[in-house]
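Okay, structure first, notes after.
The values are calculated or read from the model by the stated rules, or taken from the named source; none is laboratory data. Here the structure is a predicted model, which means the values were calculated and not measured. Every residue, glycine as well, gets a Cβ built from its backbone with ideal geometry; the counts of neighbours run over all protein chains shown. For accessibility, only protein heavy atoms count, side chains too; no ligands or nucleic acids. Shrake-Rupley method; radii C 1.70, N 1.55, O 1.52, S 1.80 Å.
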Amino acid sequence: MANHHASLLPLLLLLILLCLGGSVHSRSLLGARTPDPVSDGVDVRRRGGGGGPGSPYLQLLRSSPADAESASSCEETYGFLPCTASWPGNLFLIVVYGSLMFLAATYLSNGSELLLEILGPGIVGGLFLPMLGALPDAMLILVSGLSGSTETAQSQVSVGMGLLAGSTVMLLTVIWGSCIIVGKCDLHNSVAMDKQDTKGFSLKGSGVSTDLWTKYAARIMVFSVIPFIIVQLPQILNSTSGRHLAVLISLIVSLILLIAYCIYQVVQPWIQRRRLAYVEDKHVFFGFLRHIRTHPLGRLLTDDGKLDKDFAEKLFTTLDENGDGYLNAAELKALVVGMQFEEIDLNEDGAVDRIMKDFDSSNDCLLELPEFLDGISKWVSRARSSASGIKNFGTGKFLDDAHHQTTQEHAQLKSGDQTDEVTEGVGNPKLTTLKAVLLLVLGTIIAGAFADPLVDAVDNFSDATGIPTFFISFIALPLATNSSEAVSAIIFASRKKQRTASLTFSELYGAVTMNNLLCLSVFLAIVYIRGLTWDFSSEVLVILIVCFVMGTFASFRTTFPLWTFSLALLLYPFSLALVYVLDYIFGWS
């Protein structure tokens with residue numbers, strides 16, 4: 001019995017509690033759900049609850065609202081890639097994602113070179129390779145303006161502008177100056193001697209020489225900044241109504257220039273061969289005039305520098321051995337015997353063919369006297385037009401000057417000619433093509449996959465440190481997207497030859513041109529489509545200054561003494577300081 005009563009005791013206590021609960025009053029819990037504990041409402045003032053007097057519920061907050069907002073601002077990219085709100089964590093992520101972008105750029109570069117070995121220049125070298133080189137930058141610019149809402153995109157788009165400006169400035173300052181240092185050779189008569197570097201760090205005695213095509217690449221780079229000027233016109237005119245229209249016009253112009261540049265790159269080898277043939281013709285004709293000037297029959301030129309027709313007629317009669325009134329190839333060859341054509345790799349038969357082709361207007365492979373006189377007169381006039389500051393034309397000194405200038409021009413063109421290089425046979429074309437395609441695909445996938453998390457890491461790092469995103473992307477991102485190109489350029493320049501130096505600097509100017517056209521087109525398209533505000537006056541000014549200074553400097557000379565590297569390197573800190581002063585002291589942005 002005692003055991004039976006003991007087993008009923010817990011049930012009896014439970015019934016008593018339930019009866020007492022009928023007289024207990026409680027309040028409902030209203031409001032947003034929260035993980036923080038809720039007070040029972042007893043002695044509100046002593047407990048210091050968060051609800052305050054008259055509040056139906058009380059919260060004991062264990063975290064501040066700022067901490068909650070900071071924790072919610074970090075979103076995992078793709079739902080699984082790590083993110084953090086702390087600056088050390090974001091710095092680590094920038095390094096990791098930047099290394100992956102560098103890997104992507106390396107794969108794209110290696111794949112492009114393999115593809116060039118298989119397919120050669122032309123469409124591959126002129127169209128695909130420049131675009132593939134700019135692909136990582138374009139990816140980063142694209143995702144910087146497509147992320148999230150319009151407000152988020154407006155905040156992150158400065159990452160794209162920082163990358164655009166930073167890539168251009170780094171290529172034309174740090175990389176350009178480094179190529180001058182590692183590629184320097186001894187200067188002789190203002191021309192760098194291949195593989196001769198005995199003068200050390202002589203600021204004027206050593207330097208780098210390039211070909212004429214490199215000058216043209218620099219000029220094209222200068223013209224590629226036209227879209228930047230167009231998009232800045234409303235700011236220059238203090239107009240707010242035409243900014244959106246200016247972005248559209250600039251986008252159209254940049255696309256047109258991009259297409260024109262790609263077409264030029266494709267046809268450039270053909271243009272180069274035609275230009276080289278034309279210069280070789282000039283070399284032959286000016287050498288021909290210098291040669292017949294010494295003929296014992298009399299003087300080739302009058303005192304005013306014109307052709308002495310009596311002398312030319314006597315020369316024609318002397319050469320016409322059979323007296324038929326025509327000069328054939330054999331008779332003309334007797335005149336060119338003794339002329340020096342070794343400088344252009346041409347023999348006497350080749351020289352006769354060029355003279356006959358230019359002089360023979362009737363195309364019958366025979367020269368009549370009028371054709372002979374007209375041909376010589378035409379080239380005397382061209383030689384005179386190339387002379388300057390000569391008073392006594394009768395001495396014929398302008399012929400020597402014209403011939404010397406043509407010889408230099410031929411040497412510069414020949415150094416940049418890729419057609420005379422021996423292309424090594426590829427052992428297994430199919431395997432090499434497959435490897436090239438795999439590298440290009442892999443590089444594109446990596447660049448596309450990690451561009452967005454890299455932009456997010458830069459944005460979060462900026463929020464955590466208070467450093468503007470422009471400066472982070474200006475300094476850090478170009479190191480990731482252009483490092484492989486920079487290392488390749490420096491290694492190529494270190495070969496200390498005019499040909500390799502010309503190719504190195506042409507590629508630098510071409511990379512900047514593609515930044516100014518392709519990457520800017522992507523940037524402008526994002527700004528226009530998403531309705532973002534174009535407010536990058538200081539950044540655009542930096543791009544214009546660096547491109548104008550370096551482009552103009554390289555457009556009118558082919559030899560760069562060693563001291564020019566300091567000009568390039570100083571432009572880099574100047575660019576950073578200028579943006580800071582204009583934005584944070586004068587309030588441009």
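Summary of computed values
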quantity: Label-point separation, residue 152 to residue 317 (7 Å along Cα→Cβ), nm; calculated: 9.4 nm
quantity: Eligible lysines near residue 282 by straight Cα distance, threshold 20 Å, same-chain separation 8 or greater; calculated: 306, 333, 357, 378, 397, 414
quantity: Accessible surface of residue 314 - all protein chains present, 1.4 Å probe, nearest 10 Å²; calculated: 110 Å²
quantity: Residue 588-residue 223 pseudo-label distance in nm [points 7 Å out on the Cα-to-Cβ vector]; calculated: 2.7 nm
quantity: Linear extension gain, residue 99 paired with residue 578, 0.36 nm per residue minus alpha-carbon span; calculated: 169.6 nm
quantity: Order by protection proxy (mean Cβ within 10 Å, highest first), peptides 502-508, 261-267; calculated: 502-508, 261-267
quantity: Calculated FRET value between residue 537 and residue 202, using beta carbons and R₀ = 56 Å, to 0.05; calculated: 0.85
quantity: For the range 502-549 versus the range 318-336, the gap between their alpha-carbon centres in whole angstrom; calculated: 60 Å
quantity: Peptide ranges 516-529, 150-163 listed from the most packed, as the mean C-beta count within 10 angstrom indicates; calculated: 516-529, 150-163
quantity: Residue 302-residue 369 FRET efficiency (beta carbon distance; Förster radius 22 Å; 0.05 resolution); calculated: 0.70
quantity: With DNA, RNA and ligands ignored, accessible area of residue 535 (1.4 Å probe; Å², nearest 10); calculated: 60 Å²
quantity: Förster-model FRET efficiency, 41 Å R0, residue 434 and residue 84, C-beta, rounded to 0.05; calculated: 0.55
